[in-house]
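**Q** Following this message is one structure expressed as C-alpha cells.
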Amino acid sequence: MNDWIADRANKLREFFSLSDDVNLIAPEVRENFKVSEQITAHLERFNIEWHIIPSAEAVPINTDDYRARLYPNIKFEAATNRDYQKTDSYRAVMDGHRRHQGRIVGIETTLKPKYLPNNRQFYGTIYGFETKADPFAAYLGRANFTSGTRFAHNYTSLRNFVNVVTEDWKSRRLMPEGYRLTVCPPVVFNLIGNVFHKEWSQTESLELGFYRDEAGNAKCYSVGSNAPDDFSYIHEIENNSDWTLLGFRTALVPE
C-alpha cells in the first residue's frame with residue numbers, strides 16, 4: 001500500500017541528490033495517510049495526484065543550492081537578495097511552504113492551455129478548445145465564473161469556487177479527512193512541476209498561487225515558466241488586481 005510514496009521519494013532523491021538514509025517525511029505521516037478507494041477514484045476524475053513534500057531537514061528551501069536547482073532564471077544581486085529576504089512577500093513564501101514540508105499534499109495535474117485571443121481557453125488540452133476537458137467545468141459555472149474558463153476571475157469568485165467545490169465534496173463524503181481544497185501553493189507548484197510535471201512548462205500561460213497567514217489573509221502570486229522545463233517565474237500580485245491572464249490549479253493540503 002502507498003507504493004506511490006516510494007516512487008515519488010525516489011524521484012525526489014534523484015533530483016536533489018539525496019542518499020537513501022535521508023527521511024523525506026516522518027514515518028508516522030506515511031502510516032497515518034489513509035484514503036478510501038471511493039475517494040481515490042473520485043480524486044482521479046479531477047486529476048488529483050498525491051505527492052510528498054520533503055521535510056525542512058531533508059530539503060531546506062532557503063539555500064543557494066535550492067534556488068539554483070528550482071529557480072535558475074531568477075537573478076539576484078547579492079545586496080538586493082539580502083534586502084528581499086527581509087520583505088513580507090519573502091517571509092510569506094517561506095512560512096507558507098514550511099507548513100507543507102514533511103507533509104502529503106494532493107496536486108491537480110490537469111494540463112493548462114496556451115494563451116489565445118479573447119482568453120477563452122479551457123484547461124485539459126494544450127490549445128484549450130475543448131470545453132469539457134476541464135474536470136472542474138461544472139463547478140466554474142456554479143461559482144459564477146463569467147468567462148466559463150479558469151481565466152478572467154478575481155479573488156472573490158475564486159474563493160466562491162473553492163467553497164462550492166468544498167461543500168459539494170463534503171456533502172458527498174468525498175473530501176479526504178484532514179484536508180482542505182485550495183489553490184496550488186507557489187513553491188509546491190515549482191517543486192512538483194520541476195520534478196514530476198515538466199509538461200506544465202510547455203505553455204506560456206501563468207497561474208495563480210497564494211499563501212494564507214495566521215489571520216486568514218492571503219498573499220497572492222502569479223507563477224509559471226520563463227522557458228521550457230523551467231518554473232522560475234514568481235511575482236506577488238494584489239488581491240484586487242487584474243487576473244484576466246491568470247489560470248489556476250487546485251490542491252488538497254492538510255488543515
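The values are calculated or read from the model by the stated rules, or taken from the named source; none is laboratory data. A quick note: this is a predicted structure, and the numbers were derived from the prediction, not measured. Reconstructed Cβ throughout: ideal geometry from the backbone, glycine too, with neighbour counts over all protein chains shown.
**Q** Residues in segment 150-161: is at least one under 30 Å from N32 (Cβ atoms), modelled with pLDDT of 90 or more, out of contact with any Cys (no Cβ under 9 Å at 6 or more places or on another chain) and assigned to a loop (DSSP other than H, G, I, E, B)?
**A** No, segment 150-161 contains no residue that is under 30 Å from N32 (Cβ atoms), modelled with pLDDT of 90 or more, out of contact with any Cys (no Cβ under 9 Å at 6 or more places or on another chain) and assigned to a loop (DSSP other than H, G, I, E, B).
**Q** Please state which one of L246, L191, L208 is out of contact with any helix residue (DSSP H, G or I) (no Cβ under 6 Å at 6 or more places or on another chain), touching a residue at least 60 places away in the same chain (Cβ under 8 Å) and either within 29 Å of L24 (Cβ to Cβ) or surrounded by fewer than 20 Cβ atoms within 10 Å (Cβ to Cβ) (or both).
**A** Going through L246, L191, L208 in turn, just one is out of contact with any helix residue (DSSP H, G or I) (no Cβ under 6 Å at 6 or more places or on another chain), touching a residue at least 60 places away in the same chain (Cβ under 8 Å) and either within 29 Å of L24 (Cβ to Cβ) or surrounded by fewer than 20 Cβ atoms within 10 Å (Cβ to Cβ) (or both): L191.
**Q** Answer yes if at least one residue in segment 148-161 is surrounded by fewer than 17 Cβ atoms within 10 Å (Cβ to Cβ) and in contact with a helix residue (DSSP H, G or I) (Cβ under 7 Å, 6 or more places away or on another chain), and no otherwise.
**A** Scanning segment 148-161, I find at least one residue that is surrounded by fewer than 17 Cβ atoms within 10 Å (Cβ to Cβ) and in contact with a helix residue (DSSP H, G or I) (Cβ under 7 Å, 6 or more places away or on another chain), so the answer is yes.
**Q** Just to verify a result, which residue in segment 94-141, among those that are crowded, with 16+ Cβ neighbours inside 10 Å and acidic (D, E), is farthest from I52 (Cα to Cα)?
**A** D134
**Q** Among the residues of segment 167-188, which ones are polar (S, T, N, Q) and crowded, with 16+ Cβ neighbours inside 10 Å?
**A** T182
**Q** Of all residues in segment 29-82 being at pLDDT below 95, in a helix (DSSP H, G or I) and among the aliphatic types (A, V, I, L, M), which is farthest from T109 (Cα to Cα)?
**A** Ranking the qualifying residues of segment 29-82, first place goes to A79.
**Q** Restricted to segment 210-255, and to residues that are among the hydroxyl-bearing types (S, T, Y) and assigned to a strand (DSSP E or B), which residue is farthest from L140 (Cα to Cα)?
**A** Checking each candidate, the answer is Y233.
**Q** I'm checking my understanding of the structure. Among residues of segment 112-148 that are at pLDDT 90 or above, within 17 Å of V183 (Cβ to Cβ) and in a loop (DSSP other than H, G, I, E, B), which one is nearest to the chain's Cα centre (by Cα)?
**A** Per the stated criteria, the residue is K112.
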